[in-house]
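Structure, as structure tokens:
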Amino acid sequence: MRVSRLVAVAALTAALTLGALPGIAGSAGPTPASVIDPSAFQSVQVPAFSTTELAVEPLDGAFRAAGGIDATTSLTEPGSEPPRKIPGRPQVTVPAAHAGSALKPPRYKLSGKATFYDNGTTAMRLPRGTVVIICGAGGCLERVVNDYGPSADAGLGRIVDLYRPDFFAVCGCPSWSGITQVTVSIY
């Protein structure tokens, strides 16, 4: 062992020894309890059951506010409601549609069942990029087919797999439903 390491170990041991001894480190023992003079306390008599009833008197007139409320104060002003003016509905004019804005008739329509999946796609057995309008009891959506499916399902009649929010927008059904009847217009 080196000399410097030996000196360090000896110094650390001495410091720990001095800290562990209470008399050398300057700690004192507990102080004795001080005695309190009994004459410093006064006895107070509190009746547990009083036979006299306490009465609360009204405030002195000097404590009343200028706008004080009493039994004769009127809180509402008599009168009648002003006549209501109901504005008429605004008249809106819708411009006529130009020739190119009308939706073309669909090439054909399919009716069947739709299910949902959480992969964010609209899947049908159509080429990708085909525009479809899917209508159900809850409404219609226009989507572009971006996945191939559903697979052959042994005659269950599924024709489209939808993203979950799209399914419930078209379905109009409770959240525990998993299949709904739809009509798909293919453009």
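The values are calculated or read from the model by the stated rules, or taken from the named source; none is laboratory data. These numbers were taken from a predicted model, which means no experiment stands behind them. As a convention, Cβ positions derive from the backbone with ideal geometry for all residues, glycine included, and neighbour counts pool all protein chains shown. What goes into the accessible areas is simple: the full protein's heavy atoms, side chains included, and nothing from ligands, DNA or RNA. Shrake-Rupley method; radii C 1.70, N 1.55, O 1.52, S 1.80 Å.
Please find, among 92, 132, the residue that is open to solvent by less than 100 Å² (accessible area, probe 1.4 Å) and at pLDDT 75 or above.
Just one listed residue meets the conditions, 132.
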Would you mind stating whether residue 118 is in contact with a Ser or Thr (Cβ under 8 Å, 6 or more places away or on another chain), touching a residue at least 24 places away in the same chain (Cβ under 8 Å) and among the charged types (D, E, K, R)?
no
Can you run down the residue pairs with Cβ atoms below 6 Å, 6 or more apart or on separate chains, where the first is in segment 165-184 and within 11 Å of residue 134 (Cβ to Cβ) and touching a residue at least 60 places away in the same chain (Cβ under 8 Å) and the partner is assigned to a helix (DSSP H, G or I) and of a type outside the set (Asp, Glu)?
180/171
From 141, 156, residue being at pLDDT below 80 and surrounded by 10 or more Cβ atoms within 10 Å (Cβ to Cβ)
156
I'm trying to understand the selection: among the residues of segment 125-138, which are assigned to a strand (DSSP E or B) and either of a type in the set (Asp, Glu) or within 17 Å of residue 169 (Cβ to Cβ) (or both)?
132, 133, 134, 135, 136
Quick check, is residue 37 modelled with pLDDT of 75 or more and exposed (fewer than 10 other Cβ atoms within 10 Å of the Cβ)?
yes
Among the residues of segment 147-170, how many are closer than 19 Å to residue 118 by Cβ and out of contact with any Gly (no Cβ under 8 Å at 6 or more places or on another chain)?
11
Out of the residues in segment 104-118 that are assigned to a loop (DSSP other than H, G, I, E, B) and either surrounded by 10 or more Cβ atoms within 10 Å (Cβ to Cβ) or at pLDDT 90 or above (or both), state the one that is nearest to the chain's Cα centre (by Cα).
106
Test of understanding: among 47, 87, 82, which residue is at pLDDT 75 or above and open to solvent by less than 100 Å² (accessible area, probe 1.4 Å)?
82
